[in-house]
Amino acid sequence: MQANLAIPRIDGFDKALPELTRRGSFVDPELSPAIQEGIRRVFGEPLNAREVVDRIVGDIRVDGDRALRRYTEAFDGEVRESFEVPRTEWQDARRRIPSELESALGIAAQRIRDFHAHQPSQSWIEPTDTGTFGQIVRPLERVGIYTPGGTAAYPSSLLMTAIPARVAGVREVVIAAPPGKDGHISPAILAAADIAGVDRVFAIGGAQAIAALAFGTETVPHVDKIFGPGNIFVALAKQRVYGVVDLDQLAGPTETLLIADDSADVELVAADMIAQAEHDTIASAILVTTSDRIANELPAEIERQVALLERAEIVRTSLSSNGRIVAVSTLVEAVDLANAYAPEHLCLLVERPWDLVPMVENAGGIFIGEDSPEALGDYTAGPSHVMPTGGTARFSSPIHVGAFQKVISVVAASPAAVGELGGATIAIAEAEGLTGHAAAIRRRLERT
């Protein structure tokens, strides 16, 4: 019989706080022997992840499609005649996926669309005594969305990004997804692209896809901003091209922090921990609880449930390596720890969850009560599930309509503005040594 899962436990707020307070930076993980061998095969020498990405990005920037074809063949196998996937292929894929999945994707798409329809920022222009001032809000012209689609296909991530882009008014939405060994993208990804109403789909993956979207090639258009998660090479490539394009984020491993009191159902707490942990062996699921009963019963309950799942070993590895059970005295302490951790997902499985919401400062999303599991948010609740990870919820937000827009300031000052503000403008300009700025104001003052 399988022994109870060994999830590291921390007792007390003071012991937990240093461990849950993160101020790290993006760090390259160690590459597996298989990946290192693949690098030697492709490049003829051992390289670290950053060196690989620098080579790929540099080659794509210079050689365009020729380099893109070479790397796609080396990393993905068969290369399509054209990188672009015709719309007829999307539509055929939509017909071929199970009808239940097509219906579910349609439901999710409508929920995402309805939620984000509340968000668009509006331009504003305000006349005043000193002129007219305001802001013009414009959608980005073209965005690129990277969608993992090789061994694991995530059509939900495509919907969660492409639909807010459409609501924002982006003129062109371009998808890049890695093909399988047969040169084809997952039918579920293509169906989601059709449902979301994107404009173009390209069968390219990895760092070469990010470089192609950033710089453009003979067939792939350059974009203004790149969205979407990926492996270490994708993340490093996004970091490498920042400044040429804007980015959504550098996504790290997914994470959940649950707060539970003695009213919580240990079966549901365990189910939510498992749902998070099954993403990946490097995913994190953390429980902070005021209940000794929950803390003591949870490992056995997780083991009882996980024994029935396909990804049981992934769950066990994730929870034993990255999971935590933290016991604290009060819910105030629990929320303080959550704010220090700044989780991607914060789940409140407590008797009065709304009492805690005003205290939450840092989280990608708050899931309130036992009927609001993160799994619902991952697919059909409505908000985008692309949320900040690695503690970046301290300063960043989930994907939202504003991420696909830019703001242009409007200044139409009157002669009265020059008279009223000229003196202050001159004083600041001269303090900064910019006498030409000051002179530009004085010339106008002299003409009034």
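All of the numbers you see were taken from the coordinates with simple rules; none came from a lab. On a predicted model such as this, the values are computed, not experimentally measured, just so you know. Glycine also receives a Cβ, built like all others from the backbone with ideal geometry; neighbour counts cover every protein chain displayed.
Quick notes on this structure:
- Across segment 247-312, the volume of the C-alpha convex hull divided among the residues equals 91 Å³ per residue.
- Subtracting the Cα-Cα distance of ARG444 and GLU73 from 0.36 nm times their residue separation leaves 127.2 nm of extension gain.
- Working note: Cα atoms of segment 288-341, range along each principal axis, descending, whole Å: 37, 23, 13.
- About its Cα centre, the chain has a charge dipole of approximately 1680 debye under the convention of +1 per Lys or Arg Cβ and -1 per Asp or Glu Cβ, with nothing else charged.
- The simple spin-label model puts a point 7 Å past each Cα toward its Cβ; for GLU126 and ARG352 those points are separated by 3.9 nm.
- Across segment 344-422, the volume of the C-alpha convex hull divided among the residues equals 167 Å³ per residue.
- Taking other Cβ atoms within 10 Å as a rough exposure proxy, HIS385, HIS118, HIS400 sort from fewest to most as HIS118, HIS400, HIS385.
- GluC sites (Glu not before Pro) within segment 217-309, DSSP loop, no more than 12 other Cβ atoms inside 10 Å: GLU218
- The distance from the alpha carbon centre of segment 92-117 to that of segment 191-239 is 22 Å, rounded to a whole number.
- Equivalent ellipsoid, segment 88-215 (semi-axes from 5 times Cα gyration tensor eigenvalues, Å): 34, 18, 10
- Sequence-separation-based contact order of segment 245-378, relative, with Cα cut under 8 Å and 6+ spacing, percent: 29
- Loop-located chymotrypsin sites (Phe, Trp or Tyr not before Pro) in segment 324-398 (DSSP state not H, G, I, E or B) with no more than 16 neighbouring Cβ atoms inside 10 Å: PHE395.
- Segment 271-338 and segment 388-448: distance between their alpha carbon centers, rounded to Å: 49
- Note that the chain shows a convex hull volume over its alpha carbon atoms of 203 Å³ per residue.
- If you look at the Cα atoms of segment 379-448, you get an Rg and a Dmax of 22.0, 64 Å.
- Potential extension, VAL411-GLU81 segment - 0.36 nm per residue separation minus Cα distance: 113.7 nm
- Loop GluC sites (Glu not before Pro), segment 63-158, which have at most 16 other Cβ atoms in a 10 Å radius of their Cβ (DSSP): GLU78, GLU81, GLU141
- The slack in the chain from ARG22 to ALA104, taken as 0.36 nm per residue of separation less the alpha-carbon distance, amounts to 25.8 nm.
- Sites ASP65 and GLN135, calculated FRET efficiency, Cβ-Cβ separation with R0 60 Å, nearest 0.05: 0.95
- Computed from the Cβ-Cβ distance with R0 of 45 Å, the FRET efficiency linking GLU430 to GLU361 stands at 0.65.
- Pairs of Lys in the chain closer than 28 Å at Cα, counting only those 8 or more apart or on different chains: 4
- Pairwise label distance in nanometres, SER329 with LYS181, each label 7 Å out on the Cα-Cβ vector: 5.9
- Under conditions of 10 °C and 1.306 mPa s, segment 22-152 yields 77 µm² s⁻¹ as its translational diffusion coefficient, taking Rh as the Kirkwood radius over Cα pairs in the Stokes-Einstein equation.
- A compact globular protein would have a Cα radius of gyration near 2.2 N^0.38 Å; the ratio found for segment 113-183 is 1.63.
- With a simple spin-label model that places each label point 7 Å from the Cα along the Cα-to-Cβ direction, the separation between GLU420 and THR88 comes to 6.4 nm.
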